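First, the structure itself, so that you have it in front of you.
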Protein chains: 6
Amino acid sequence: MLLEDLNWMGVEAYLKRDDRIVLVTGACEQHGYLSLLADIRAPMAIAQAACEKEGVLIAPPLPYGVSPYFVTYPGTVSVRPETFAAMVRDVIEGLVAQGFHRILVSNGHGGNAGILSAVLIEVSNAHPDTQMGFFEWWRHPKVIAAGEAAGLPLHHANWSENFTFTRVADVPDGDKAPPDIPRTASAATYRALLGDGSFGGPYHASDDVMARYFAAAVDAMVEELQRLKA
Amino acid sequence: MLLEDLNWMGVEAYLKRDDRIVLVTGACEQHGYLSLLADIRAPMAIAQAACEKEGVLIAPPLPYGVSPYFVTYPGTVSVRPETFAAMVRDVIEGLVAQGFHRILVSNGHGGNAGILSAVLIEVSNAHPDTQMGFFEWWRHPKVIAAGEAAGLPLHHANWSENFTFTRVADVPDGDKAPPDIPRTASAATYRALLGDGSFGGPYHASDDVMARYFAAAVDAMVEELQRLKA
Amino acid sequence: MLLEDLNWMGVEAYLKRDDRIVLVTGACEQHGYLSLLADIRAPMAIAQAACEKEGVLIAPPLPYGVSPYFVTYPGTVSVRPETFAAMVRDVIEGLVAQGFHRILVSNGHGGNAGILSAVLIEVSNAHPDTQMGFFEWWRHPKVIAAGEAAGLPLHHANWSENFTFTRVADVPDGDKAPPDIPRTASAATYRALLGDGSFGGPYHASDDVMARYFAAAVDAMVEELQRLKA
Amino acid sequence: MLLEDLNWMGVEAYLKRDDRIVLVTGACEQHGYLSLLADIRAPMAIAQAACEKEGVLIAPPLPYGVSPYFVTYPGTVSVRPETFAAMVRDVIEGLVAQGFHRILVSNGHGGNAGILSAVLIEVSNAHPDTQMGFFEWWRHPKVIAAGEAAGLPLHHANWSENFTFTRVADVPDGDKAPPDIPRTASAATYRALLGDGSFGGPYHASDDVMARYFAAAVDAMVEELQRLKA
Amino acid sequence: MLLEDLNWMGVEAYLKRDDRIVLVTGACEQHGYLSLLADIRAPMAIAQAACEKEGVLIAPPLPYGVSPYFVTYPGTVSVRPETFAAMVRDVIEGLVAQGFHRILVSNGHGGNAGILSAVLIEVSNAHPDTQMGFFEWWRHPKVIAAGEAAGLPLHHANWSENFTFTRVADVPDGDKAPPDIPRTASAATYRALLGDGSFGGPYHASDDVMARYFAAAVDAMVEELQRLKA
Amino acid sequence: MLLEDLNWMGVEAYLKRDDRIVLVTGACEQHGYLSLLADIRAPMAIAQAACEKEGVLIAPPLPYGVSPYFVTYPGTVSVRPETFAAMVRDVIEGLVAQGFHRILVSNGHGGNAGILSAVLIEVSNAHPDTQMGFFEWWRHPKVIAAGEAAGLPLHHANWSENFTFTRVADVPDGDKAPPDIPRTASAATYRALLGDGSFGGPYHASDDVMARYFAAAVDAMVEELQRLKA
């Protein structure tokens, strides 16, 4: 259930029965052959499936994140950590002020994680009646297990992000050898070493694998939503 | 054409033939009986129609804006002017760095306008090879003329924002008398004086009126996109 | 009554009988043939006349505003929106902490308006016992009516800002055709299209017209001061 | 010569013959029986006399400074160091961009000094063709000598700030014993220990002493203006 | 070799033969029975050993980091992400301006990692002639392997941080069962669930194990320093 | 007693008997022939001696300060005033939140003073139950008296900072004539006029003089610590 599908009277009614909300964060950055917004599309699809089951609201996602390593790839837009922290802080504080006292941030982009978790704890410290959850679908043990069950390695922009809803073009067959890139290389070095943008492994998996993989993510998120309620 | 429907190779190809892009900004705020995201949904619908004609890319929209007057209405999330300025600055600078040298910001929310136009000019002053455009569909003379042609007054959250794509519930019939609220009243005063959130006038218009009104907005935006190219 | 004409004992005494104060904001920017500080001088003159009648204090004005479009004109100094917001926030919060619970910001410069009104509402939301007013003399219906009664168009740096107290040199006779400049043009474009800096229309009006026009502004401000007290 | 007495054409002409400008900074804070704006009025009077002799322009002064120790005195408004630094930085950068390459900041308030000098040097480091001067009239050796010649101690809000242009009420006769206040005491402690706001010594001096004292300040500033030109 | 053991002439000489420098970042936060500065002491000890071998300079460390989860434990001081980012940015930019074009940040505290790596890449993007390295000793594969070789689990404030130079009191014998704490729990929840502050496992290991573990960290860092030089 | 020599249980115990703590601030900047960290080493040595007597805790020092005038000297790293203010504010607020209600900031670097004292007072105003002290050893009357007793002038990087613990190389014999440098000169001018970095006078004094000078500083600081307790 998307907040944007409600008017304020609808939110007022919702807050009488629940105080949970999901905020999706991600990035507008290269994902090889996949959508530049894969880091929003994947967690949003998972959130919609999970929140459907739990009857939980989803706030509008934050589409721009911290991606300085990829700005040499057309279409990547990165914001500074200070800016991202300020935006997240204002939005989370705003949700708390509205009465959303249990907030699950579902983050689709690794570069945001350190800032997000710090700001969430700071807000939570300032408001003892709140509870903040943090969910990253692709790092959840259940989801990793699903990947391992398929015998496929998990890397940025490989099969593990290649869903019907993130696919915008054909992807190559075959495996890519994972390149070795220092974590704080410049964006120029990243592009020189990374080529098409995938971090390696197969570019796609069978529909069946993807369905089980997605289902694991939804299950994991449902669990987080329930834990938040407890 | 949405940026998110492309991968980076697609953007690379696009930048060889065009350097325009549209960024939609709005707000997550009460709109009476209409969607809390009306200020994104309306300019996005207009942008998609106009950009389809002009073959121009649309970046992911910024869903949160400056709406301190409405935070007493459930679902309204407002960010501070400083935060909004920093986010817009980073995103616009990021687009310029990517080669988008002609950027049209289509702003759907009045509270953002002063900050947006200042930041756009500052970025433009710093990059002499760029050209920034600013479009607010509901303030465009052509659109105002279309409203006047229908004999209907234009107010926040009345018929003039009530499209099929912003409607999430039934709206009342009849006219609301426009309340008189000081511009810098607190959010508590706004809610006390504004009631259901509409600034008055009729809550809906005929499909025919809405179609002509929408068409005027699309025409106006096409014109802006062409002027930017010239 | 200027705050600067008092010592702290004088303010202490004032606060026992009134809690209103006026803060004038403006810009240091080109005004064609007129003073670079026209946006301070005009609202200060109006404020002094209006506050004289109402016995209200006037705080020292903020002389620098957000004017990125004019930095190509010598003498124009523009501050970033983030800086202006921080300064206004600190000053308004400081006044509230002093016991000035009803503050009328009289803004002389359009480029400041969006930031000012947002910050004023945020401060008001944080302090439920305060009331913020916002006055822009040149946009007040009574003042516009006075201009229309004289049959003269209102534009930046034309007759409508040409008072004895803003005039620093001779101005041309005759009418200037208003140029058409995109709102977010760069400062270089502004100067190329705007020439002498006036936005068009006659450069001066008769003393009689100016007196009636000024009187309308004072009346309008007195009304705002009274409304704030009510 | 005040910038505000010119239009942009006047500044353009000025910049062809000189690139110096004076920026006065001060505070809106208690000065005992004297004007709350004494820290602006004194350096402005001195600047006007000195700049008259040297034919140098004076920019509009910044009336609010960093005065957290006095906020318990009615009429004192203090801004945060971060805000003051940002405002000074933007204004100085703006003046440099306009072609004012030799800027003399005349600071009337001790609490601003550390931030001002740091920002001035940072701007100067970034623009090798500029020269920044920093003048604090009351700390200049010539001015201190003039005070000592009169056999009178120099303290905040005593005779040494009591000019015709800072006096707004009668001041007591006699000497006040200087209180001993820890530098970083809270504003509550300051008020408890400081009483009427003067830091002690006589409240006034003879017109003759004040004239010689003022003349020393003007001489000192003329010297700084000439050194800047060299 | 510590920067603080040199004067500026010494640094000038150093920069003629090398342009590498190490910056250690950490936290002032609870480490169970260990020193509150364990996150500085461990990476500093490792850096001193590694830099000794490579003849590389070490800048003064940043002792405060982002630790909002532990502020309920006495002695923990956490700074906001925005503040940490600004400080790191200024220091790294300052080092680059000094001619240190290859900088290895050795981060001792997980909560800093996301911000640090983002800022390092942003600085590197802005200065194409620089190379930034990022080293976290406890996450390095060689160090993890050394821990696994000893058959001991790695957790915050357990044996793996218990060196002679981080030990300030006796530690318990025996194993602690690792608690399960949500990542974004509030500091109150952290303290309630975490008790003595250790995340579990044995509190100490034999001197022999610690020596091999430390040696692995030094080896890993030497390798990073050499890679940076290449 | 250093905070870093304790674990959190140790701080918890300390806070039951005392709520004082010392925070040393300084700079990483040229000191002529002396250590680049002289502004930390000197106040730390004094603090350790004084706090030993008083049984007071010392927090980890902030090694980077505001030193824009010296960035042309290798090894000098300066942070912006805004950054320094934010860092100090976060650390002091963090200490207050931990229960350290009487904080003595011992500042070793003149360039930090204005910002530090402002932030300390602001924090103190916000927390009426706290008391902030500010100590600068080299400006304390007792220490100046000790210097004068030795008949030696006090200047940056001369004998008065040349202790065994700040000395890292031989220093010249003889006296240096103090250069005359405008306070807000650029770093390039500073280096041109200042040469080896000392502000003049003798480069060293006898061990006996240094011992008495150091003892005066320790005495002065003990007094400040006691005054804070009272």
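The values are calculated or read from the model by the stated rules, or taken from the named source; none is laboratory data. Given the structure is predicted, the values throughout are model-derived calculations rather than measurements. Using ideal geometry, Cβ is built from the backbone for each residue, glycine included, and neighbour counts are taken over all protein chains shown.
What number of residues in segment A:188-223 are in contact with a strand residue (DSSP E or B) (Cβ under 9 Å, 6 or more places away or on another chain) and under 29 Å from E:Gly114 (Cβ atoms)?
12
Only one of B:Ala187, B:Ala220, B:Ala205 is crowded, with 18+ Cβ neighbours inside 10 Å and either in contact with a Pro (Cβ under 6 Å, 6 or more places away or on another chain) or under 25 Å from C:Gly133 (Cβ atoms) (or both). Can you tell me which?
That would be B:Ala187, the only listed residue that is crowded, with 18+ Cβ neighbours inside 10 Å and either in contact with a Pro (Cβ under 6 Å, 6 or more places away or on another chain) or under 25 Å from C:Gly133 (Cβ atoms) (or both).
Being touching a residue at least 60 places away in the same chain (Cβ under 8 Å), facing chain E (nearest Cβ under 7 Å) and among the hydrophobic types (A, V, I, L, M, F, W, C) is the filter here, so list the residues in segment F:68-98 that pass it.
Selection gives F:Val71, F:Val91, F:Leu95.
Considering only residues that are more than 7 Å from every other protein chain (Cβ to nearest Cβ) and part of a loop (DSSP other than H, G, I, E, B), which ones fall in segment F:16-31?
F:Asp18, F:Asp19, F:Gly26, F:Ala27, F:Glu29
Additional query: Determine whether F:Ser106 is over 17 Å from F:Arg41 (Cβ atoms) and within 14 Å of another protein chain (Cβ to nearest Cβ).
No.
So which of E:His109, E:His101 is of a type outside the set (D, E, K, R) and either crowded, with 24+ Cβ neighbours inside 10 Å or over 22 Å from E:Leu6 (Cα atoms) (or both)?
From the options E:His109, E:His101, the qualifying one is E:His109.
I'm checking my understanding of the structure. Among residues of segment B:170-199 that are more than 14 Å from chain C (Cβ to nearest Cβ) and either among the polar types (S, T, N, Q) or touching a Leu at 6+ places or on another chain (Cβ under 8 Å) (or both), which one is nearest to B:His31 (Cα to Cα)?
B:Ser198
List the number of the failed condition for C:His155; all other conditions in (1) away from chain B (no Cβ under 14 Å); (2) over 15 Å from C:Val22 (Cβ atoms); (3) at pLDDT 95 or above hold.
(3)
Looking only at segment C:116-150, count every residue that is within 17 Å of the chain's Cα centre (by Cα) and of a type in the set (A, V, I, L, M) and tell me the total.
Within segment C:116-150, residues that are within 17 Å of the chain's Cα centre (by Cα) and of a type in the set (A, V, I, L, M) number 7.
Here's a follow-up. Residues F:Pro182, F:Pro172: which one is at pLDDT below 95 and part of a loop (DSSP other than H, G, I, E, B)?
Only one candidate qualifies: F:Pro182.
Looking at D:Ala13, is it more than 10 Å from chain C (Cβ to nearest Cβ) and either assigned to a loop (DSSP other than H, G, I, E, B) or aliphatic (A, V, I, L, M) (or both)?
Against the criterion (more than 10 Å from chain C (Cβ to nearest Cβ) and either assigned to a loop (DSSP other than H, G, I, E, B) or aliphatic (A, V, I, L, M) (or both)), D:Ala13 does not qualify.
If you go through segment D:120-145, how many residues are surrounded by fewer than 23 Cβ atoms within 10 Å (Cβ to Cβ) and either among the aliphatic types (A, V, I, L, M) or more than 14 Å from every other protein chain (Cβ to nearest Cβ) (or both)?
Looking only at that region, the number is 6.
Continuing with this model, one more query. Given the conditions (1) assigned to a loop (DSSP other than H, G, I, E, B); (2) more than 21 Å from F:Ala215 (Cβ to Cβ), which single one is not true for F:Ala188?
(1)
On to the next question. Is it fair to say B:Leu62 is within 10 Å of chain A (Cβ to nearest Cβ), touching a residue at least 40 places away in the same chain (Cβ under 8 Å) and crowded, with 24+ Cβ neighbours inside 10 Å?
Judged against the criteria, B:Leu62 is not a match.
Which residues, counting only those in segment B:36-56, are surrounded by 24 or more Cβ atoms within 10 Å (Cβ to Cβ), within 13 Å of chain A (Cβ to nearest Cβ) and not basic (Lys, Arg)?
B:Leu36, B:Leu37, B:Ala38, B:Asp39, B:Ile40, B:Ala42
Now for a different question. Residue pairs, Cβ under 8 Å, 6 or more apart or interchain, first in segment D:19-36 and more than 17 Å from D:Tyr203 (Cα to Cα), second in a loop (DSSP other than H, G, I, E, B) and aromatic (Phe, Trp, Tyr). List them.
As it stands, the answer is D:Asp19/D:Phe100; D:Arg20/D:Phe100; D:Ile21/D:Phe100; D:Ala27/D:Tyr64; D:Cys28/D:Tyr64; D:Glu29/D:Tyr73, since those pairs meet every condition given.
Given the options E:Phe214, E:Phe165, name the one that is over 30 Å from B:Glu93 (Cβ atoms), at pLDDT 95 or above and either in a loop (DSSP other than H, G, I, E, B) or polar (S, T, N, Q) (or both).
None of the other options fit; the residue is E:Phe165.
With respect to C:Ala126, is the statement that it is over 23 Å from C:Tyr190 (Cα atoms) and either out of contact with any Ser or Thr (no Cβ under 7 Å at 6 or more places or on another chain) or of a type outside the set (D, E, K, R) (or both) true?
Here the answer is yes, as C:Ala126 does meet what is asked.
Something else now. Against the definition (at pLDDT 95 or above and under 29 Å from D:Thr76 (Cα atoms)), how does D:His101 come out, yes or no?
no
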